[in-house]
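Just so it is clear, none of the values below were taken in a lab; they were calculated from the coordinates. Everything numeric here is computed off the predicted structure, so don't read it as measured data. Note: ideal-geometry Cβ built from the backbone for every residue, glycine included; neighbour counts use all protein chains shown.
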Number of protein chains: 2
Amino acid sequence: MAETTSDSSPVDFRTEPARYRHWKLSFDGPVATLAMDVREDAGLRPGYELKLNSYDLGVDIELYDAVQRLRFEHPEVGAVIVTSAKERIFCAGANIRMLGQSSHGWKVNFCKFTNETRNALEEASAESRQTYLCLVNGPCAGGGYELALATEWIVMADDGNTAVSLPEVPLLAVLPGTGGLTRLVDKRRVRRDRADFFCTTEEGVKGKRAVEWGLVDEVVPRSRLEETARQRARELAARTDRPRAAKGIVLPPLERTLEGDRIAYAHVTCVIDRRRGVAEITVAGPATAAPTDAAGVAAAGASFWPLAVARELDDVILHLRTNEPQIGVWVVRTLGRADLVEAYDRLLHDHAGDWLVREVRLYLKRTLKRLDVSSRSIFVLVEPGSCFAGTLLELALAADRSFMLDGTRTGQSLPPASIRLTALNFGAYPMINGLTRLASRFLGEPDRVDDLKGRTGQDLDAAAAAAAGLVTFTPDDIDWEDEVRLALEERTAFSPDALTGMEASLRFGGPETLETKIFGRLSAWQNWIFQRPNAVGPKGALQLYGTGERSDYDRGRA
Amino acid sequence: MAETTSDSSPVDFRTEPARYRHWKLSFDGPVATLAMDVREDAGLRPGYELKLNSYDLGVDIELYDAVQRLRFEHPEVGAVIVTSAKERIFCAGANIRMLGQSSHGWKVNFCKFTNETRNALEEASAESRQTYLCLVNGPCAGGGYELALATEWIVMADDGNTAVSLPEVPLLAVLPGTGGLTRLVDKRRVRRDRADFFCTTEEGVKGKRAVEWGLVDEVVPRSRLEETARQRARELAARTDRPRAAKGIVLPPLERTLEGDRIAYAHVTCVIDRRRGVAEITVAGPATAAPTDAAGVAAAGASFWPLAVARELDDVILHLRTNEPQIGVWVVRTLGRADLVEAYDRLLHDHAGDWLVREVRLYLKRTLKRLDVSSRSIFVLVEPGSCFAGTLLELALAADRSFMLDGTRTGQSLPPASIRLTALNFGAYPMINGLTRLASRFLGEPDRVDDLKGRTGQDLDAAAAAAAGLVTFTPDDIDWEDEVRLALEERTAFSPDALTGMEASLRFGGPETLETKIFGRLSAWQNWIFQRPNAVGPKGALQLYGTGERSDYDRGRA
């Protein structure tokens, strides 16, 4: 199988509407329209044509950017219509030739990003109060229907041509990879036997039956389609709490330098050690004091430290996941003053009701969730000079393992490291399981979380942090180097696959949500199928698609 | 890779204590002891030695049998100590050479059965009030520790030799495959960073740290080990509600004939159509009236119809799963009188407090759950002459799809088919997600379940059953044959792998439990890893284990 990721320039996740090739973003007061208009000849990689509004990673990068910008740049928008700008097709889903020529790792990473973007649509509807709805104006298949499923209201044309379908199982021998199965039974609560029939019926379901089975919310004749969708959008927009008169903030292109094995942003730097298979990520705390109110946040705009850090972390995670699959361990440090971080957290806490502050918090939440679901081992080092406080302490709580230096370093004048809890550790950043990282950490001892609330704002040194259960190991200066080095050497020597499965199993104890089901269960099954000869072998359905040849499946059931 | 399942006589799941080769079952009043004493030379298949109390499917079949018999044959037993009869080892887990030489399908099926048996231990503790505890009297690794994790109290020797460990990731590049990761964080609620360290530490954790981290419940010096475990067992047994003076019922060897493609028991028959890849299973309703009280149930013993059906269905499911992996679709019918089934259900309902009736209900529950998690498509046909009432209606509710003949058949004098709800459909047989099959079916319309309660005991014909949402399709005599035939042809033409992933995703909407996490998430990840070259390739860890050679992993993270 050709590798879609290597032998090419690195994928860049940074874009902006003026550069979109596949989406058209338009505005009509409180209603925005995001119309898919994929350029066939503008695939991210050579070797496939993006016919019938099918998508690849490049198309989804633009969608992701649009969803972000709608939140930050358009406080006046309360509803977003997702539709197609093509005449005869809504969306045919992920491009099959692209999947057929992709490596296993590329497919898995592609699905993860598309899943995160679909989840972001739902989060925008629920928490940014910018509600997505879908205007299905032509055949809506596979990933196309999964995109529709991620919106809160689906209006479909009632004609002979337009149907929703998930043809992956009958046609391609894989699963709908972007949450479709889960959203069918858990979000739309389609009866399981109907879902079974629907997912094995290539041509899908249309018209009244689609409504009756709960696959879409309404079907209307083509003549009234557009107006019905606009009407629904206006109704949904009328319910938002977003401030129509507020001014959005601009998200300018993210500045970064990519030189050899070093990636640098304003606050985040990352150095890749290829020999060891380790990326060392350092996040700098704020250099200046926090604004005093929400107006100050708006004035700072994209340079507001928490927003800038969210954007930079988001980008470095996406970059490493997509372009550096061989780097299996991420080591995270911070550098700076805990009191400044705490002051920013206080601002984010005290002005949580402000629309822009809310967006910044939600963006940090999403970025931390992206870290949680990354298939990389995450080790955090808490050293003198670090600032693991509040929002940045979440990085340590997200880690598979953390090391905190107990005491000072010989020959260094810095005081011993400490960590600090802020109010934001107790609810601002839930994981995909719906719990805070503290609650997930202390599933067996929920009282501990309450006790820790009382210690908000205190500096906890290594002994106190260990006693509080907030760090894993606390070697002193004498043991530090060897212990950390050995742990990293050991980690990078294990099978990456076993680590991925283990981490996915240990990170999310406790309750399950749509998101944990998608990332835990559905993705695992899909990854399994993406390894099976019936799907990806030389005679597998993904390879033979479009050739006219039929797969001859190994019939053994596993 | 050699196939462990084919070219051999079919695996037989029927056994009894007199024939055990690997376990010793002993009794001391209310406390039973189940001691593992694996015979190295008595593997189920040639090619590996069961050293260090390691196990294969044959060892686990005996464990499963023992757990069943303890429930039915020993009402006086309130606690069961699981331990090792060997001097220097508790259990080394699943045999690695066996895994190394097994096909993918065999490994997956083996893990499923061992998982079901571990879950049965937990169900026995919680619902049969026969509480399992574990006496760890030597190194307890991998599957050995996962067996311990399935008990409710773990007492471990405090010596230099005895530790618990999950060395799969560092040693074998696979996951602990029998619920270990899930039980660590979700049952024992071990802190996730500690779990991460533990699961990557080959030598495991012993002594006080094992208690402090919650990996075991107590450690005691070897001199007091036995007595401490007995003491705990007596305490647990004292809390049971099982009737110490009652007489158990004997489970005689299950009679079955296996002739060509036909398997027949007293009430269940199964005909395999290899050309179509379909197994046709027919369950006969009771031939005689139900006993009138619990004493009548005890007098009937193993021939009590619901118990006999549970045993037969259990055996046929296990047989088909293990010995007939190429048969991807199970078609289920019933034959008999609904009023008799209903009378048995009434007895099971009215005498639910009787220990034996409770056991029969729990066995039916487990068997239906085994059906739910089977990686086969399940189609149910409701035809004239059938008796889909109550307990047997659960089969239709467990199906991926059901067809009910609307009206009579030309040339047949039987009245039209009907189905009937009984009280047992509303709580007796929860699925692994903790919901009844009715509640799972109507996740989006919970009121429907309440409405259906009011229709208990009514005969619902095809139109009524369809309107009630209880069946999928209701063709009449003219369409029946074509519609069913086409559905089956289509189903058997799809990729078995895609169907497995799809069915696992659609069958269990709604809440998640330890069991759904094990069968949904953990198993899917394990199956994925069981496909990856780093584990199973010629240079994978499972293949190289014991050769002294080291795996050279592909370091790409997926």
*Cα-based shape type of segment B:358-404, given that a ≥ b ≥ c are square roots of the gyration tensor eigenvalues and the cut on a/c is 1.5*: oblate
*Rounded to the nearest 500 deg cm²/dmol, what is the calculated helix-only ellipticity per residue at 222 nm for the protein assembly as shown, with -39500 (n - 2.57) per DSSP H run of length n ≥ 4?*
-11500 deg cm²/dmol
*Counting only Cα, what are the radius of gyration and maximum Cα-Cα distance Dmax of segment A:120-190, in Å?*
12.6, 37
*When a footprinting reagent is the concern and you count Cβ atoms within 10 Å, what order do B:Phe519, B:Phe473 take, fewest first?*
B:Phe473, B:Phe519
*Convex hull (Cα only) mean projected area of segment A:59-153, reported in nm² to one decimal*: 6.2 nm²
*Please pull out the direction-averaged projected area of segment B:1-132, using the convex hull of its alpha-carbon atoms, in nm² to one decimal place.*
7.9 nm²
*Using only the alpha carbon atoms of segment A:255-336, find the Kirkwood hydrodynamic radius as the inverse mean reciprocal pair distance, in angstroms to one decimal.*
13.6 Å
*Considering only the label points, 7 Å along Cα→Cβ from Cα, what distances in nm to one decimal separate B:Gly385 from the same position in each other copy, shortest first?*
8.4
*List the residues whose amide H sits under 5 Å from the amide H of B:Val219, counting only those 5 or more places along or on another chain, with H placed 1.01 Å from N in the peptide plane.*
B:Met156
*Sorted from fewest to most neighbouring beta carbons within 10 Å, what does the list B:Glu280, B:Glu218, B:Glu227 look like?*
B:Glu227, B:Glu218, B:Glu280
*What's log10 of I(q)/I(0) for segment B:491-534 at q = 0.15, 0.24, 0.34 Å⁻¹, Debye sum over Cα points only, no solvent?*
-0.45, -0.90, -1.16
*Report, for B:Glu203, each distance to the same residue's label point in the other copies, shortest first and in nm; define the point 7 Å along Cα→Cβ.*
6.7
*What size of dipole, in debye to the nearest 20, comes out for the protein assembly as shown about its Cα centre when the only charges are +1 on Lys and Arg C-beta atoms and -1 on Asp and Glu C-beta atoms?*
220 debye
_Table column - 3J(HN,Hα) (Hz), segment A:139-151, Karplus curve with 6.51, -1.76, 1.60, x for Gly and Pro_ = x, 10, 10, x, x, x, 6, 5, 5, 4, 4, 7, 9
*Per residue, how big is the convex hull around the C-alpha atoms of the protein assembly as shown? Give it to me in cubic angstrom, could you?*
168 Å³
*Does segment A:64-216 classify as rounded, prolate or oblate by the C-alpha gyration tensor (a ≥ b ≥ c root eigenvalues; a/c under 1.5 gives rounded; else a/b over b/c gives prolate, otherwise oblate)?*
oblate
_In Å and on Cα atoms, what radius of gyration and Dmax does chain B show?_
23.9, 78
*Cα-only radius of gyration and Dmax that characterise segment B:385-483, units Å*: 13.7, 44
*Considering only DSSP beta bridges whose two residues both sit in the protein assembly as shown, what percent are antiparallel, to the nearest 5?*
35 percent
*Using the number of other C-beta atoms within 10 angstrom as an exposure proxy, rank B:Arg97, B:Arg209 with the fewest first.*
B:Arg209, B:Arg97
*Over the alpha-carbon set of segment B:150-263, work out the extent along each principal axis and list the three values in angstrom, largest first.*
51, 44, 26
*Pop out the ³J(HN,Hα) list for segment A:113-129 in order, Karplus 6.51 cos²θ - 1.76 cosθ + 1.60 with θ = phi - 60°, rounded to Hz; leave Gly and Pro as x.*
5, 5, 4, 4, 5, 5, 4, 5, 4, 5, 5, 4, 5, 7, 10, 8, 6
*Under 1.5 on a/c is rounded, so check that first for segment B:409-548, then, if it is not, pick prolate when a/b is larger than b/c and oblate when it is not; a ≥ b ≥ c are the square roots of the alpha carbon gyration tensor eigenvalues.*
oblate
*To two decimal places, what compactness ratio does segment B:456-527 give when its Cα radius of gyration is scaled by 2.2 N^0.38 Å?*
1.54
_Restricting things to Cα coordinates, could you compute the convex hull volume per residue of segment B:233-275 in Å³?_
164 Å³
*Under 25 Å Cα to Cα from A:Lys86, which lysines show up? Leave out anything in the same chain fewer than 8 places away.*
A:Lys24, A:Lys51, A:Lys206, A:Lys208
*Tell me the Kirkwood hydrodynamic radius of segment B:244-300 in angstroms, computed as one over the mean inverse distance between distinct C-alpha pairs.*
14.3 Å
*segment B:481-558 and segment A:116-138: distance between their alpha carbon centers, rounded to Å*: 31 Å
_Teacher prompt: B:Gly296 distances to equivalent labels in other copies, 7 Å Cα→Cβ, nm_ = 8.2
*First select every other residue whose beta carbon is under 9 angstrom from the beta carbon of A:Val155; then total the charges, Lys and Arg +1, Asp and Glu -1.*
-1
*In degrees from 0 to 90, rounded to the nearest 10, what is the angle of the helix A:496-506 Cα long axis to the longest principal axis of chain A?*
80 degrees
